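Below is one structure, written out as structure tokens; comments come after it.
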Amino acid sequence: MPERQQVLYLWANGSGLAAGVVGWAFHDGTEGQGPDLPDDEPPYPTGDAALCDGWCLLQSAPLVAPAPGAEHTNSYLDYEFVFERRVAV
Amino acid sequence: MAAFVTDGYLRFDALVPDQINRAVLDEIATLKDERWLPEGMHPPDTGTPLADCYPEPSAIGAYLRLPEVQGIIEALVGLDATFDHDFTHHLPAGSEYLQDLHVDAVVDSLDPAFDIQLFYFPHDVTAGEGGTRFVPGSHLRRVLSGGIGRYQHIVGEQQFCGEAGTVLVFHHGMWHAGQPNPGAADRWMHKVRLNPTRPQVRRWNTSDLEALHNRPTDHVFATMESDSVAHVFRTNHPWHGVTESRNEQIQRARLWRYLTGDDGYDVDHYLSRLEGHERVAGDA
């Protein structure tokens, strides 16, 4: 049975997977044939919780020292974790 | 003003009277249809003094000339501001158009001067009808407009809903996005961007500033005034981590220095500490 990928981005308020989730994005390669996620609240409180629900970590954010002169300026969300799960369709 | 510095927006519910709201709905529909036609209704040229924009008879002009709206503009960019551009946002009933989160224009320069954008909703928008999405506390971040499009959801973000005549006043750096309109009626919103022409220093009603403008020694771990600007600047938006919150306090203090003309203003000693180090190193 062919598989398709679901991708979940979680952004946390700290650099570890146990940190609280403050943002998320869901991309569904199954076009609705796989399990869905809630839209109005974070699907998981932490990255650890996503692992426990069967998501596999693809990438975590590298820790980058602030550029000189930009030490006190915020920009993008720093701590991005990318997960996937493969769903039979 | 401290709330505007902290959150990046102010909200004024049902500010515009219904008579003007109804007239504006007709006028912005015409503007939408004729904006780029050789003949018909056109917006003011970019750079036009605000006082010369949408002269009578104009419903948009009547809204912009309301004393309350004039007061908002005077406080933030001055009535001698110039018109940058406007746009009519129209989403037909049932539209599934979903805009990515974005910042208008380009990444900011380092100076603290700012534009405002008036988001005016001339009709009721009920919850679930997909009013403008925006992220309080995002306005002082330095990002590329397209770089934030991947953030589908951020904890603490809002989607506008409210009564007809409500105006949201955004710092130009506010992250925002248009949303689908699952409602049964078309949705309209008129946006105006205004540029200041003079420093935005103490242009608002500052009668309570002396009482609320904390001393630079105000520190959360030492002596702290609870009813002060510093107290507002310690607001932690739910999507900010610890370092981000401290950086936000620094950026808010820098903007407050510009707005008040007080180069020594500080919250929790962050800027003073850094400036002290610079002086010491400079004396070496």
Please go through the range B:139-173 and give me each residue that is farther than 18 Å from residue B:98 by Cβ, outside any strand (DSSP E or B), out of contact with any Pro (no Cβ under 8 Å at 6 or more places or on another chain) and of a type in the set (A, V, I, L, M, F, W, C), ordered by number. B:140, B:143, B:144
With criteria (1) assigned to a helix (DSSP H, G or I); (2) out of contact with any Pro (no Cβ under 6 Å at 6 or more places or on another chain); (3) at pLDDT 95 or above; (4) more than 14 Å from chain A (Cβ to nearest Cβ), residue B:263 comes up short on (1)
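Can you find even one residue in the range B:192-209 that is β-branched (Val, Ile, Thr) and within 14 Å of chain A (Cβ to nearest Cβ)? Don't jump to the end; show me each part of the working.
Looking only at the range B:192-209, we keep the residues that are β-branched (Val, Ile, Thr), and these are B:192, B:197, B:201, B:206.
Checking which are within 14 Å of chain A (Cβ to nearest Cβ) leaves us with none.
There is no residue in the range B:192-209 that is β-branched (Val, Ile, Thr) and within 14 Å of chain A (Cβ to nearest Cβ).
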Just give me the residues in the range A:27-48 being away from chain B (no Cβ under 12 Å) and either within 11 Å of the chain's Cα centre (by Cα) or under 14 Å from residue A:79 (Cα atoms) (or both), in sequence order. A:44, A:46, A:47, A:48
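Among the residues that make up the range A:74-89, is at least one of them more than 16 Å from the chain's Cα centre (by Cα), within 14 Å of chain B (Cβ to nearest Cβ) and surrounded by 13 or more Cβ atoms within 10 Å (Cβ to Cβ)?
Filtering the range A:74-89 down to residues more than 16 Å from the chain's Cα centre (by Cα) leaves A:74-75, A:87-89.
When the remaining residues are screened for being within 14 Å of chain B (Cβ to nearest Cβ), the result is A:74-75.
Still in the running and surrounded by 13 or more Cβ atoms within 10 Å (Cβ to Cβ): A:74-75.
Looking through the range A:74-89, at least one residue is more than 16 Å from the chain's Cα centre (by Cα), within 14 Å of chain B (Cβ to nearest Cβ) and surrounded by 13 or more Cβ atoms within 10 Å (Cβ to Cβ).
Taking the range B:225-258 only, how many residues are part of a helix (DSSP H, G or I) and closer than 23 Å to residue A:70 by Cβ? Spell out how you get there, then give the answer.
Within the range B:225-258, the subset part of a helix (DSSP H, G or I) is B:229-233, B:242-258.
Those still in the list that are closer than 23 Å to residue A:70 by Cβ too: B:233, B:242-258.
The total comes to 18.
Only one of A:30, A:46 is hydroxyl-bearing (Ser, Thr, Tyr) and free of Cβ contacts under 8 Å to residues at least 40 places away in the same chain. Can you tell me which? Even if it seems obvious, please write down each step before you answer.
Details: A:30 fails: free of Cβ contacts under 8 Å to residues at least 40 places away in the same chain.
It is A:46.
Mind telling me which of the residues A:29, A:16 ends up being surrounded by 12 or more Cβ atoms within 10 Å (Cβ to Cβ) and touching a Lys or Arg at 6+ places or on another chain (Cβ under 8 Å)? Spell out how you get there, then give the answer.
Working: A:16 fails: touching a Lys or Arg at 6+ places or on another chain (Cβ under 8 Å).
Exactly one of A:29, A:16 is surrounded by 12 or more Cβ atoms within 10 Å (Cβ to Cβ) and touching a Lys or Arg at 6+ places or on another chain (Cβ under 8 Å), namely A:29.
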Qualifying positions in the range B:34-50 - surrounded by 13 or more Cβ atoms within 10 Å (Cβ to Cβ) and either free of Cβ contacts under 8 Å to residues at least 60 places away in the same chain or not in a helix (DSSP H, G or I) (or both): B:34, B:35, B:41, B:43, B:44, B:48, B:49
Any residue in the range A:4-26 that is under 17 Å from residue B:138 (Cβ atoms) and within 10 Å of chain B (Cβ to nearest Cβ) sitting within a Cβ distance under 8 Å of a residue that is among the charged types (D, E, K, R) and in a strand (DSSP E or B)? List the pairs, counting only those 6 or more apart or interchain. A:11/A:80
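On the given criteria, is residue A:53 within 10 Å of chain B (Cβ to nearest Cβ), without any contact (Cβ under 8 Å) to a residue 24 or more places away in the chain and out of contact with any Cys (no Cβ under 7 Å at 6 or more places or on another chain)?
Values: within 10 Å of chain B (Cβ to nearest Cβ): no; without any contact (Cβ under 8 Å) to a residue 24 or more places away in the chain: yes; out of contact with any Cys (no Cβ under 7 Å at 6 or more places or on another chain): yes.
Taking the combined requirement at face value, the residue does not satisfy it.
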Reported set for the range B:92-145 where residues are away from every other protein chain (no Cβ under 14 Å), over 14 Å from the mean Cα position of the chain (by Cα) and crowded, with 22+ Cβ neighbours inside 10 Å is B:121, B:122, B:125, B:131
Unmet criterion (only one of (1) more than 14 Å from every other protein chain (Cβ to nearest Cβ); (2) free of Cβ contacts under 8 Å to residues at least 40 places away in the same chain) for residue B:159: (1)
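Residue-wise test of (1) at pLDDT 95 or above; (2) among the polar types (S, T, N, Q); (3) farther than 22 Å from residue B:123 by Cα; (4) in contact with a helix residue (DSSP H, G or I) (Cβ under 6 Å, 6 or more places away or on another chain).
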position: B:6; (1), (2), (3), (4): yes, yes, yes, yes
position: B:11; (1), (2), (3), (4): yes, no, no, no
position: B:20; (1), (2), (3), (4): yes, no, no, yes
position: B:61; (1), (2), (3), (4): yes, no, no, no
position: B:67; (1), (2), (3), (4): yes, no, no, no
position: B:82; (1), (2), (3), (4): yes, yes, yes, no
position: B:88; (1), (2), (3), (4): yes, yes, no, yes
position: B:92; (1), (2), (3), (4): no, no, no, no
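If you go through the range B:11-25 one residue at a time, do you hit one that is under 17 Å from residue B:173 (Cα atoms) and in contact (Cβ under 8 Å) with a residue 40 or more places away in the chain?
To start, the set of residues in the range B:11-25 that are under 17 Å from residue B:173 (Cα atoms) comprises B:11.
From what's left, in contact (Cβ under 8 Å) with a residue 40 or more places away in the chain: B:11.
Taking every residue of the range B:11-25 in turn, at least one turns out to be under 17 Å from residue B:173 (Cα atoms) and in contact (Cβ under 8 Å) with a residue 40 or more places away in the chain.
The values are calculated or read from the model by the stated rules, or taken from the named source; none is laboratory data. Every value quoted in this text rests on a predicted model; they were computed, and no experiment measured them. For neighbour counting, all protein chains shown are included, and Cβ atoms are generated from backbone atoms with ideal geometry for every residue, glycine included.
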